[in-house]
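Written out below as structure tokens is the structure these notes cover.
The values are calculated or read from the model by the stated rules, or taken from the named source; none is laboratory data. Everything quoted here is computed from the prediction, not taken from an experiment. Using ideal geometry, Cβ is built from the backbone for each residue, glycine included, and neighbour counts are taken over all protein chains shown.
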Amino acid sequence: MTSAELRYLIAADELYDGVNGVKLIEIANKVGVSKVSVYRAVERLEKNYYIQRNEKNKVVLTEYGKKQLADYREIMDFIQSHLEKQCGTPSEVAYNDALGAACAFSDISRAKIAIILKSGKCLYQEEKEN
């Protein structure tokens, strides 16, 4: 997933009220881009099963999309907090850097990193113990 697509997915999730879907223009306004940019990204996100459109053509995250977004957020939160605390990076800069870094990982690495962060254990420690 590109960092732009992740931004749109985050925006859709934050705008979703739990009942109705989210209009493309709402996502565009939140992210500060054109509706055309969102439309193209939404097509890719839909093709990759992160989102679906309801009968009113509004965006709703799929269960798969929610799970993937949770993994991205786990990684982003970890990176952002360390950039802020350890490096003194301003919050907004740390957020943008964390978002970009999370998108740079392969799907395999991202999934494993999310597991590590959620478990609170290091895989190297587990291998060493066995």
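Within the range 8-66, no residue satisfies the criterion of being touching an Asp or Glu at 6+ places or on another chain (Cβ under 6 Å) and either of a type outside the set (A, V, I, L, M, F, W, C) or at pLDDT below 90 (or both). Among the residues making up the range 80-115, those that are within 14 Å of the chain's Cα centre (by Cα) and buried (at least 19 other Cβ atoms within 10 Å of the Cβ) are Q80, A98, L99, A102, R110, A114.
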